[in-house]
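Okay, so here's the structure we're looking at.
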Number of protein chains: 2
Amino acid sequence: MRNKQVIFRDFLPKGAFPKESDMEVTESTVELTGAVAESSEGVLVKNLYLSCDPFMRNRMRKLANPSESYIASFEPGSPVTGFGVARVLESGHPNFKKGDLVWGITGWEEYSLLPAPGTCFKIEHTDVPLSYYTGLLVCSPKKGETVFISAASGAVGQLVGQFAKLSGCYVVGRPAAKKRSLAEEQARFDEAFNYKEESDLDAALKRYFPEGIDIYFENVGGKTLDAVLLNMKLHGRISVCGMISQYNLEQPEGVHNLMQIILKRVRMEGFSVFSYYHLYPKFLEIVLPWIREGRIVYVEDTAEGLENGPAALVGLFSGRNVGKQVVLVARE
Amino acid sequence: MRNKQVIFRDFLPKGAFPKESDMEVTESTVELTGAVAESSEGVLVKNLYLSCDPFMRNRMRKLANPSESYIASFEPGSPVTGFGVARVLESGHPNFKKGDLVWGITGWEEYSLLPAPGTCFKIEHTDVPLSYYTGLLVCSPKKGETVFISAASGAVGQLVGQFAKLSGCYVVGRPAAKKRSLAEEQARFDEAFNYKEESDLDAALKRYFPEGIDIYFENVGGKTLDAVLLNMKLHGRISVCGMISQYNLEQPEGVHNLMQIILKRVRMEGFSVFSYYHLYPKFLEIVLPWIREGRIVYVEDTAEGLENGPAALVGLFSGRNVGKQVVLVARE
């Protein structure tokens with residue numbers, strides 16, 4: 001059977017913006033029966049949805065040593081890998097059987113043979129759009145506070161903002177500069193503003209948060225972080241999820257206002273989904289009912305067809321997506 | 001009675017290094033009897049020791065609004081204020097009586113009338129040198145980890161390092177570039193190195209911490225923080241006490257390696273002694289026995305005479321002091 005693949009060509013130099021041509025759409029073949037060797041715990045899957053995530057930029061660099069990153073780099077000449085939703089075609093693993101839907105790390109190809117699907121979960125609830133499973137992994141803010149969300153139209157930002165709203169917080173989001181997105185954010189958050197229309201972020205934040213910010217969900221870094229630091233409240237908290245503005249710079253920007261950490265006694269903490277992976281089933285128990293009841297709205301931006309995957313991934317870094325960027329590989 | 005005073009002249013411009021001439025030693029007079037008005041809770045004290053602390057630089061600037069700092073600025077034309085040890089001469093406050101020794105915020109003068117001595121504690125244990133009371137306020141690190149202390153010869157750094165040692169940590173300190181200090185640090189810590197002899201801090205840290213740093217006690221900021229960030233361990237913690245390298249800059253230096261906060265899932269948190277003030281008596285209960293038993297060594301650098309106070313305070317910012325800088329006002 002034909003197996004279309006998105007191959008990662010080679011490591012990017014430091015400071016390079018990822019381009020579509022860093023990936024190549026090719027075709028190979030795959031045996032759909034007998035692909036899983038006997039006594040192997042491998043699983044053969046048909047990929048349905050693939051997730052485009054900013055952290056994938058980190059996997060495009062050559063690491064001097066593995067401790068430089070929390071995740072291994074892509075292998076040049078092999079398919080890109082990432083989160084996705086897939087249907088099991090053949091399984092040697094006790095947790096999965098033919099016909100199961102799974103979510104986890106898979107390949108950017110039509111069919112993947114996952115040698116040890118330890119990072120996969122079986123999808124039990126299919127009344128929620130399957131593609132949602134590619135994106136629902138975030139940390140939740142605490143109650144009763146003022147919250148600023150940068151990258152608010154992204155996969156994570158839109159959810160964190162809504163969780164904060166459900167917790168009774170005052171939430172202001174700054175989505176990428178798209179009117180459609182902005183309107184969506186405004187409906188779901190208390191306020192939203194377009195960063196391309198606010199040249200002075202410090203002034204904008206002072207307007208939206210006259211008393212300061214309790215919680216900043218950091219996904220941008222650089223100048224955005226600098227402006228936010230000036231507006232943090234006493235004992236404010238900064239949850240550091242990502243710094244997308246820095247991923248493609250040769251030298252990261254300098255952040256100048258760290259003295260605010262002392263003056264305001266701020267806590268700033270980085271986290272990675274991989275630390276909380278085991279909580280995913282619990283997380284779904286909470287979130288799926290919210291989605292069914294319409295208390296959470298999840299906006300997706302879908303690229304149709306594996307061959308449009310590279311453009312979708314690259315588009316993340318120019319803020320082209322509105323909502324979680326997914327690639328639809330197959331409708332089944 | 002004569003009352004020698006150190007007067008704060010005027011606010012310093014941004015980026016100015018404090019100079020002795022920003023303060024002026026003058027003489028006024030004070031009535032030693034009947035100074036405390038009836039029905040007042042004021043206390044008249046004779047000052048014995050005054051504390052020189054880097055945070056005092058922050059009190060020399062004009063604030064646009066009070067929320068810019070955690071503490072009020074000095075008042076031009078009035079005496080400098082800060083922590084000190086003093087003897088009570090007259091008291092209208094129920095907690096203090098004539099003859100008591102107190103520790104708290106007082107004036108840089110021979111005699112101070114403290115209108116509401118809410119920030120003062122009575123000193124109960126006088127078998128430990130009184131001047132020590134001017135400096136013993138720090139947070140303690142956690143157990144069993146690798147610890148790096150910048151500003152290790154300062155009032156706070158020397159103690160934090162010893163507390164970490166007592167908790168079974170591996171401790172490396174970087175004192176200011178003084179041989180005497182360095183030898184002292186080496187005796188008390190596992191390692192100490194001279195930053196003027198280590199032009200590449202990143203390389204030095206990699207040598208002393210091949211496995212990385214669990215806890216960084218931050219008192220320097222800027223380039224030091226940048227190098228430390230590159231050497232933090234997974235789930236490392238940075239306790240942000242001060243950033244002395246930044247206090248006299250017009251524009252703070254940019255810190256470039258904050259992406260490490262995500263990659264290593266680092267927690268960075270600022271604190272202020274003022275949040276923990278109420279714990280001071282408890283802290284002394286623990287520390288005073290350690291000092292008596294010689295398990296903690298506390299190095300002081302004493303300037304004799306109030307008139308030498310300005311030079312002692314200014315000297316902090318060129319690393320002139322070895323150990324806690326105090327000013328001896330009177331031996332009694």
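Which ones in the range A:32-62 are open to solvent by 40 Å² or more (accessible area, probe 1.4 Å) and under 26 Å from A:N248 (Cβ atoms)?
Matches in the range A:32-62: A:Y49, A:P54, A:R61, A:K62.
Looking at the range A:232-244 only, could you name the residues that are more than 7 Å from every other protein chain (Cβ to nearest Cβ) and over 17 Å from A:D214 (Cβ atoms)?
A:I244
Just to be sure, is B:E41 within 25 Å of B:I123 (Cα to Cα), part of a loop (DSSP other than H, G, I, E, B) and touching a residue at least 60 places away in the same chain (Cβ under 8 Å)?
So B:E41 passes the test.
Being surrounded by 24 or more Cβ atoms within 10 Å (Cβ to Cβ) and more than 7 Å from every other protein chain (Cβ to nearest Cβ) narrows it down to one residue among B:Y216, B:Y247; which is it?
Details: B:Y247 fails: surrounded by 24 or more Cβ atoms within 10 Å (Cβ to Cβ).
Matching residue, one of B:Y216, B:Y247: B:Y216.
If the requirement is being assigned by TED's automatic domain parsing to the domain that holds A:S150, touching a residue at least 40 places away in the same chain (Cβ under 8 Å) and in a helix (DSSP H, G or I), which of these qualifies: A:V228, A:V220? Lay out the reasoning, then the answer.
Values: A:V220 fails: in a helix (DSSP H, G or I).
Selected residue: A:V228, the only one of A:V228, A:V220 that is assigned by TED's automatic domain parsing to the domain that holds A:S150, touching a residue at least 40 places away in the same chain (Cβ under 8 Å) and in a helix (DSSP H, G or I).
Kindly indicate whether A:L32 is touching a strand residue (DSSP E or B) at 6+ places or on another chain (Cβ under 9 Å) and assigned to a loop (DSSP other than H, G, I, E, B). Let's see the steps before the verdict.
On the way: touching a strand residue (DSSP E or B) at 6+ places or on another chain (Cβ under 9 Å): yes; assigned to a loop (DSSP other than H, G, I, E, B): yes.
Taking the combined requirement at face value, the residue satisfies it.
Which residues, taken from the range B:187-198, are open to solvent by 30 Å² or more (accessible area, probe 1.4 Å) and either under 20 Å from the mean Cα position of the chain (by Cα) or modelled with pLDDT under 85 (or both)? Break it down into steps so the answer makes sense when it comes.
First, the residues of the range B:187-198 that are open to solvent by 30 Å² or more (accessible area, probe 1.4 Å): B:187-188, B:190-191, B:195-198.
Listed by number, the residues that qualify are B:A187, B:R188, B:Y195, B:K196, B:E197, B:E198.
For the range B:11-70, which residues satisfy the criterion of being of a type in the set (D, E) and either in the same structural domain as B:Q251 (by TED's automatic domain parsing) or within 26 Å of B:P129 (Cβ to Cβ) (or both)?
B:D53
In the range A:317-326, is there at least one residue being among the hydrophobic types (A, V, I, L, M, F, W, C), at pLDDT below 85 and exposed (fewer than 14 other Cβ atoms within 10 Å of the Cβ)?
no
Conditions tested, residue by residue: (1) in contact with a strand residue (DSSP E or B) (Cβ under 6 Å, 6 or more places away or on another chain); (2) surrounded by 16 or more Cβ atoms within 10 Å (Cβ to Cβ); (3) at pLDDT below 80.
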position: B:S131; (1), (2), (3): yes, yes, yes
position: B:S150; (1), (2), (3): yes, yes, no
position: B:F163; (1), (2), (3): no, yes, no
position: B:C169; (1), (2), (3): yes, yes, no
position: B:K178; (1), (2), (3): no, yes, yes
position: B:E185; (1), (2), (3): yes, yes, yes
position: B:D200; (1), (2), (3): no, no, no
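Where residues in the range A:63-113 are open to solvent by less than 50 Å² (accessible area, probe 1.4 Å) and among the aromatic types (F, W, Y), which of them is farthest from the chain's Cα centre (by Cα)?
The residue in question is A:F96.
Does B:G236 qualify as being of a type outside the set (S, T, Y), open to solvent by less than 30 Å² (accessible area, probe 1.4 Å) and touching a residue at least 12 places away in the same chain (Cβ under 8 Å)?
So B:G236 passes the test.
Residues of the range A:62-85 being out of contact with any strand residue (DSSP E or B) (no Cβ under 7 Å at 6 or more places or on another chain) and among the β-branched types (V, I, T), which ones?
A:I71
Consider A:L229 against the criteria (1) crowded, with 18+ Cβ neighbours inside 10 Å; (2) among the aliphatic types (A, V, I, L, M); (3) more than 8 Å from chain B (Cβ to nearest Cβ); (4) farther than 26 Å from A:F163 by Cα: it satisfies all of them except one. Which criterion is unmet?
Failing condition for A:L229: (4).
I'd like the residue in the range B:250-308 that is at positive phi and away from chain A (no Cβ under 14 Å) and, out of all such residues, is most open to solvent (accessible area, probe 1.4 Å).
It comes out as B:G294.
Which count do you get for residues in the range A:289-310 that are part of a helix (DSSP H, G or I) and over 15 Å from A:K4 (Cβ atoms)?
Qualifying residue count, the range A:289-310: 4.
The values are calculated or read from the model by the stated rules, or taken from the named source; none is laboratory data. No experiment lies behind these values; they were computed from the predicted model shown. Backbone-built Cβ (ideal geometry, glycine too); neighbour counts: all protein chains shown. Heavy atoms of the whole protein, side chains included, go into the accessibility calculation; ligands, DNA and RNA do not. Shrake-Rupley method; radii C 1.70, N 1.55, O 1.52, S 1.80 Å.
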